[in-house]
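The values are calculated or read from the model by the stated rules, or taken from the named source; none is laboratory data. Fair warning: this is a prediction, and the values are worked out from it, not measured in the lab. Glycine also receives a Cβ, built like all others from the backbone with ideal geometry; neighbour counts cover every protein chain displayed. When the accessible area is computed, the model is the full protein with side chains, heavy atoms only, and any ligands, DNA or RNA have been set aside. Shrake-Rupley method; radii C 1.70, N 1.55, O 1.52, S 1.80 Å.
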Amino acid sequence: MDQPKTANGRGGTSLIWIIVAGLAIIVGGVAIALLTPYVLPTVGSAEAQQVDDLFRFMLALGGMIFLLVQGAILFSVIRFRVRKNDYSDGPPIQGNTTLEFIWTVIPAIIVVVITIYAYTVYTNIRAEKPNEQEVAGLGQRFAWTFTYAVPAEAVPATVDQSRIPDEVQTVLDTEGQVTFSSPQLHTWVGQPMHVLLESEDVNHAFWIPGMRVKQDLLPGRVTDIRFTPIEAGVYRIVCAELCGGGHGDMAGQVTAKGELIGAWLVVHQDEETYLREFWSPEAASVLNPPEDPVERGRALIQNYPCSGCHRLSDLGWTSVTGPSLDGIGSRTQRLSATGAASIEDYVHTSLREPAQYVVPGYSPLMPQFNDSPDEANYMPEDQLEAIVAYLSTQ
Ligand code: CUA
């Protein structure tokens, strides 16, 4: 009161500092919201965009509150620290109605806004979409099974359904629908999915992090969840409810060889790709390899470029650049020429070290198939063994 000039001067400086601090808090909160989602998985669905926007909004608000509280603590610790030889008590503060009003009303407004926003997102992502694919998702200890039907006429004519592996069970029903069950759920970009979830035993939770959807499974009740993929790829399906000793097995796994086993969502680029890749028996047998090594080898060899040079009547190959593979299993005269112990041994060496023996009359053009994923022409040993088993039967 006795120094109004100084007080005014101080008031002006404080206002500038409050504005600077306020801007720093807003910018900081927004920066937290924009940077943190980089640790999240791919945004794979239309729902994921809405969920992430809501998450970013809440993160921005939370970030601002965090910076405000931490800033106030830091400011107070420095500004109001104990001075040397100051043993006095602080000023007695009895309450401040204005302040209490402000700190009640502002959080109340924030909570109401978040509630309305979150409810809108929740109803949006659960709303029925046109042209949905209905899928029954069964959770049990400790596996997922997805059962769904497609019109029989959608299945390509080239598909021999008897060759689809047992894991994918197919049934042609009277209404012309082909129903099949699999631990993997296949669909394509833009196809809205509606999954009806049932549990055979205890509580589970169906979760696809890439789609940002999660729904509990409750015994005796059908719960449901919807999502529409927007990005092709493979997405892990996870059980998010501790359901027993094998709980971890209810998540899609990748083997050391890079194969996907268990529960995965496979999103194909479009419907045409979906029908071709999913229904192709060759693709299906690579996905779920047959037990018989000869059958497995027959499926696997078609993933390699052998047909470009060799003839093999069993698979309809007709090239003549390299020696014919027809009857390779009975060419015992090669054993003495190469010093191989058996036909299997000879075929194995021909793939791993083709330069060791070139069939007379041909050029050494055969690429070497290597055992290591770091080298060119990688062929894993187990695949090579299956291919050798198949070729030896020719
Ligand atoms: Cu099912 Cu955890």
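Annotation for GLN368 and GLU344: the two label points, set 7 Å from Cα along the Cα-Cβ direction, are 2.4 nm apart.
When Rg and the Kirkwood Rh are both derived from Cα coordinates, the Rg/Rh ratio for the range 292-394 amounts to 0.92.
Dipole magnitude for the range 309-394: computed about the Cα centre from +1 point charges on Lys and Arg Cβ and -1 point charges on Asp and Glu Cβ, it is near 500 debye.
The value of relative contact order for the range 203-249, using C-alpha pairs under 8 Å at least six residues apart, is 44 percent.
Its Cα gyration tensor gives the range 336-394 an equivalent ellipsoid. The semi-axes, each the square root of 5 times an eigenvalue, are 19, 16, 9 Å from largest down.
Scanning the chain for trypsin sites (Lys or Arg not before Pro) that sit in a DSSP loop and have at most 12 other Cβ atoms within 10 Å, the longest stretch containing none of them is 258-394.
Relative to the longest principal axis of the Cα atoms of the chain, helix 97-126 runs at roughly 20 degrees. Near GLN49, once Lys and Arg are set to +1 and Asp and Glu to -1 for all other residues with Cβ below 13 Å from its Cβ, the sum equals -2. If you roll a 1.4 Å probe over the chain with all protein chains in place, what percent of the accessible area is carbon or sulfur? Percent of accessible area from carbon and sulfur atoms in the chain: 60. Surface analysis of the range 292-394 yields an accessible area of 52 Å² per residue, using protein heavy atoms and a 1.4 Å probe. Label separation (ILE230 vs ARG81): 5.0 nm, computed from points 7 Å beyond Cα along the C-beta direction.
Relative to the globular-protein estimate of 2.2 N^0.38 Å, the Cα radius of gyration of the range 1-140 stands at 1.63. A Förster distance of 35 Å, applied to the separation of the beta-carbon atoms of THR223 and GLU271, puts the FRET efficiency at 0.80.
In this label model, TYR117 and GLU295 are separated by 5.5 nm, measuring between points 7 Å along each Cα→Cβ vector. Taking chymotrypsin sites (Phe, Trp or Tyr not before Pro) across the range 68-106, the ones in a DSSP loop with at most 15 further Cβ atoms lying within 10 angstrom of their Cβ are PHE80, TYR87. Going by a ≥ b ≥ c, the root eigenvalues of the Cα gyration tensor, does the range 298-346 fall in the rounded group (a/c under 1.5), the prolate group (a/b larger than b/c) or the oblate group? Since a/c reaches 1.5 and a/b is larger than b/c, the shape of the range 298-346 is classed as prolate.
Normalising the average separation of contacting C-alpha pairs (under 8 angstrom, six or more residues apart) by the number of residues puts the relative contact order of the chain at 12 percent. Mean-square fluctuations from a GNM of the chain, with a 10 angstrom spring cutoff on Cα atoms, peak among TYR122, TYR357, TYR148 at TYR357. Antiparallel beta bridges, as assigned by DSSP with both residues in the chain, represent about 75 percent of the total such bridges. Using equal-weight Cα scatterers in the Debye expression, the normalised intensity of the chain in log10 at q = 0.08, 0.10, 0.14, 0.15 Å⁻¹ is -0.67, -0.86, -1.23, -1.32.
Its Cα centre serving as origin, the chain has a Cβ charge dipole (Lys and Arg +1, Asp and Glu -1) of approximately 2200 debye. Highest GNM mean-square fluctuation among LEU260, LEU196, LEU335, for the chain modelled with Cα contacts below 10 Å: LEU335.
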